[in-house]
Structure formats: structure tokens, C-alpha cells
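Contents: one structure, followed by commentary.
The values are calculated or read from the model by the stated rules, or taken from the named source; none is laboratory data. It should be emphasised that the depicted structure is a prediction, and the values quoted were computed from it without experimental measurement. Note that each Cβ is placed from the backbone with ideal geometry, even for glycine, and that neighbours are counted across all protein chains shown.
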Amino acid sequence: MKLGRSLELFLTAKRGELVSEKTVAYYEYWTKDFFRYAVTVQGAYDWDSIRAEHIQSYLAMLGTERKVRSATVHDAYRAVKALNRWLFKQSYIPSCVIDKVQAPKQEKIIPRTFTIKEIQAMYGACSKTSFAGVRDKTMLTLLLSSGIRKSELAGILSEDVDLEQGHIKVYGKGNKQRLLPLAHKAKKALEEYNRLKACKIFPIRSKYYFVNNKGAKLNNSSMDSIFKRIKERSGIQGAKVSCHTWRHTFAKSYLLNGGDVFSLQRLLGHSDLSTTKRYLNLNTKEIQTQYDKFNPLDNMDWVF
């Protein structure tokens with residue numbers, strides 16, 4: 001099967017599975033990149049000509065010549081792997097050559113999380129009287145209590161916020177729905193935002209819960225501007241202020257406070273537990289804190 005044709009079939013199938021366009025773009029970018037390498041360097045125009053050494057050579061080139069990070073090399077590997085295995089499963093090709101390629105090693109990176117002082121500074125950067133300030137503080141509260149993604153936060157519908165039942169419906173990757181419980185303080189923040197939103201007269205009426213001053217949905221650009229403004233006003237240095245860092249902060253705090261990785265997987269909307277396990281990487285100080293709280297000897301008063 002020709003390389004280009006195989007990609008067309010694969011991407012069509014993924015769109016049929018309602019995979020997000022961001023994921024489709026990821027598959028397309030890396031597989032096309034591999035195809036260009038296979039054609040120009042290896043002279044391989046179809047899957048019958050692709051060998052394990054071609055894929056290994058491509059991955060090595062990414063690290064040595066392009067000098068991309070190990071995580072990026074692994075991204076390329078996963079994209080080619082997904083395509084190759086799909087083609088084999090659908091009987092478009094007779095063998096799965098990627099199974100002969102060892103997955104590239106990834107350096108373990110402990111995700112950056114916000115400190116308590118940084119969180120306090122960001123809360124302090126939100127106006128307590130303006131609509132935008134209360135909205136921003138409410139979004140931060142929801143992020144800290146749930147760790148939802150930026151697209152999920154922006155995509156919340158007004159009808160999906162149920163304060164009486166104490167949960168909120170979000171739409172994750174592949175448009176998968178999940179219900180998230182609301183913390184008591186999060187409910188209070190949402191109630192305050194609701195009151196202010198109800199009093200404001202918008203020129204536009206949107207079905208979305210978080211809106212701008214005109215009443216329209218917050219897009220990616222406006223969300224990025226909000227976090228940029230919060231960072232500038234809070235005086236935070238070094239840390240990236242984004243929904244993703246808040247997501248890391250929620251996940252790490254959840255585990256440090258005694259939450260289990262299985263319920264965290266459900267809360268974050270991860271389909272693979274291995275993705276959630278990244279948050280189990282603790283630094284030395286965090287390990288010491290956990291040890292002091294949970295080591296069996298110091299928690300058995302009867303021993304001495």
C-alpha cells in the first residue's frame with residue numbers, strides 16, 4: 001500500500017471515531033514527516049518497502065540531527081506506531097513492522113506545579129468587583145478543584161452546571177462526556193459568578209457558561225490573554241501560567257492529599273492509566289512530606 005493512501009484511510013477512520021482535530025493533526029504531522037524521510041533517504045514509497053531499521057534510523061535522526069527532546073521523539077514513534085498497527089489490524093498490510101522497533105526512552109520530567117504563594121498571588125490578581133475579575137477567579141477555582149483542560153473549561157455549557165446536584169458536565173477528548181463533582185468552595189465561587197452574570201446585560205447571549213464582556217464564548221486567544229494578564233498582575237516569575245499547569249497542580253495536590261491514582265484517572269479524563277501515573281513522580285521534598293505522613297513506624301504509637 002502506498003504511504004500517502006494509507007494515511008488518508010487512517011485519518012478518515014480517526015475522524016469517524018470522533019477523535020479531536022488536534023489529535024488528527026498530530027498523527028498527520030508526524031506520519032508525513034516520517035514518510036518524507038522514508039522516501040528521500042530510504043527510497044521507500046510503500047509499506048512493503050518499510051523496514052524496522054528505517055523507522056529506527058528516522059527516530060535516531062530526530063534526536064541527533066534535529067536535536068529534539070526525547071519526549072518529542074516518542075511522540076513521533078507513537079504516531080507511526082498508531083498508523084502501522086491500524087493498517088495491520090484492518091488487513092491493509094501483512095505485518096506490523098513497528099513491533100520490531102524498540103520504543104525510544106523518555107527522560108522523566110516532573111511536571112511544574114504552582115506553589116501556595118503563587119496560587120494566592122493569582123487569586124489576588126483578580127478583581128473582586130468587576131465581571132471579568134470574578135469570572136477569572138471562578139475559572140481559577142474550578143481549575144484548582146478539578147484540573148480540567150482549557151478546551152473543557154471554555155466548552156462548559158450553562159445547562160451543564162448543576163449546583164443543586166453538585167456536579168458539572170464537561171466534554172473531553174473525542175467529545176467524551178464525564179461528570180465532575182464540585183467542591184464546596186467551588187460551588188460558592190460559581191454561585192457568586194452566577195449572580196454577577198445574571199445582573200449583567202450582554203449584547204450577545206451565548207449558551208456557554210464562561211463568556212467575555214460581550215457575552216460571547218471565550219476562545220483560545222482570549223483564554224491565553226486572561227492567563228497572561230493574571231501572570232503579569234501576580235508578578236509570578238518563571239512558571240507558565242496556563243490551564244495545563246493548573247491541571248498538573250490539581251493532580252499532584254490530589255495525590256499528595258491522599259487521593260488514589262484510579263479516581264484521579266477518571267477525574268482527569270485519561271483513557272490510559274500510564275498517562276495519569278506521570279503525576280506520581282515526586283521531588284525530594286514531596287517524598288519527605290509523604291513519608292512523614294504515612295510511614296508505618298511513626299504511625300504506630302504502640303511500637304515504643
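So the values come out like this:
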read-out: Close pairs (6 angstrom Cβ cut-off, 6 or more residues apart or separate chains): in the same structural domain as Ile50 (by TED's automatic domain parsing) and closer than 12 Å to Ala25 by Cα in region 1-13, at pLDDT below 95 and surrounded by 12 or more Cβ atoms within 10 Å (Cβ to Cβ) anywhere; value: Leu11/Val24
read-out: Subset of region 174-191 (residues that are part of a helix (DSSP H, G or I) and surrounded by 15 or more Cβ atoms within 10 Å (Cβ to Cβ)); value: Ala186, Lys187, Ala189, Leu190
read-out: Some residue of region 34-48 being closer than 15 Å to Pro104 by Cβ, touching a residue at least 12 places away in the same chain (Cβ under 8 Å) and not aromatic (Phe, Trp, Tyr); value: no
read-out: Flag if Arg247 is surrounded by 12 or more Cβ atoms within 10 Å (Cβ to Cβ), modelled with pLDDT under 90, under 17 Å from the mean Cα position of the chain (by Cα) and not aliphatic (A, V, I, L, M); value: no
read-out: Subset of region 20-50 that is among the hydrophobic types (A, V, I, L, M, F, W, C) and within 14 Å of Leu83 (Cα to Cα) - its residue that is surrounded by the most Cβ atoms within 10 Å (Cβ to Cβ); value: Phe34
read-out: Conditions (1) part of a helix (DSSP H, G or I); (2) within 27 Å of Val19 (Cβ to Cβ): number failed by Thr141; value: (2)
read-out: Residue in region 125-173 that is surrounded by the fewest Cβ atoms within 10 Å (Cβ to Cβ), counting only those that are under 20 Å from Leu264 (Cβ atoms) and in contact with an Asp or Glu (Cβ under 7 Å, 6 or more places away or on another chain); value: Lys169
read-out: Flag if Lys197 is exposed (fewer than 12 other Cβ atoms within 10 Å of the Cβ), touching a residue at least 24 places away in the same chain (Cβ under 8 Å), at negative phi and assigned to a helix (DSSP H, G or I); value: no
read-out: Checklist (1) part of a loop (DSSP other than H, G, I, E, B); (2) without any contact (Cβ under 8 Å) to a residue 60 or more places away in the chain; (3) over 21 Å from the mean Cα position of the chain (by Cα) applied to Asp99, failing item; value: (1)
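Yes or no, residue by residue, for (1) assigned to a loop (DSSP other than H, G, I, E, B); (2) at pLDDT below 95:
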site	(1), (2)
Asp48	no, yes
Ile55	no, no
Leu59	no, no
Thr72	no, yes
Asp75	no, yes
Lys81	no, no
Phe88	no, no
Pro94	yes, yes
